[in-house]
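Worksheet: the structure to be examined is printed underneath.
Each reported figure results from applying straightforward, stated rules to the coordinates on display, with no laboratory input. Every value quoted in this text rests on a predicted model; they were computed, and no experiment measured them. We place every Cβ from the backbone using ideal geometry, glycine too, and count neighbours over all the protein chains shown.
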């Protein structure tokens with residue numbers, strides 16, 4: 001099992017959503033995962049959290065939120081979680097927030113989590 005605990009921000013119980021597919025892939029590849037989204041539900045038995053609970057030892061946050069919905073999570077990511085890496089999936093790219101993260105020493109990727117997992121680059 002990998003130690004790269006991952007928060008999927010924007011997780012959805014809808015099976016057609018890429019965030020849902022990402023949670024499933026992370027589980028399949030053995031990564032500890034915390035889905036966080038607006039709507040309750042679960043993905044392969046993992047409950048989707050709807051609050052901003054603090055989690056320890058988070059390596060990666062992978063974002064599936066439109067930039068206009070990311071602002072409410074800035075403090076949570078920068079001051080409460082402080083991950084090693086933040087992945088901005090297609091459609092979630094946010095240059096301003098990426099700059100802030102980099103200034104704080106957090107690695108930033110504008111990439112697709114699903115492709116990273118499938119190609120061994122996660």
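State all residues of the stretch 27-48 that are touching a strand residue (DSSP E or B) at 6+ places or on another chain (Cβ under 7 Å) and under 12 Å from residue 14 (Cα atoms); if no residue qualifies, say none.
Across the stretch 27-48, the qualifying residues are 43, 48.
Looking only at residues that are assigned to a loop (DSSP other than H, G, I, E, B) and in contact with a helix residue (DSSP H, G or I) (Cβ under 7 Å, 6 or more places away or on another chain) in the stretch 94-115, which one is surrounded by the fewest Cβ atoms within 10 Å (Cβ to Cβ)?
104
Counting only residues that are surrounded by fewer than 18 Cβ atoms within 10 Å (Cβ to Cβ) and not in a loop (DSSP other than H, G, I, E, B), how many does the stretch 26-75 have?
12
Touching a residue at least 40 places away in the same chain (Cβ under 8 Å), touching a helix residue (DSSP H, G or I) at 6+ places or on another chain (Cβ under 7 Å) and assigned to a helix (DSSP H, G or I), is that true of residue 19?
When the stated conditions are applied, residue 19 does not pass them.
If a residue must be farther than 16 Å from residue 18 by Cα and more than 12 Å from the chain's Cα centre (by Cα), how many such residues does the stretch 47-66 contain?
10
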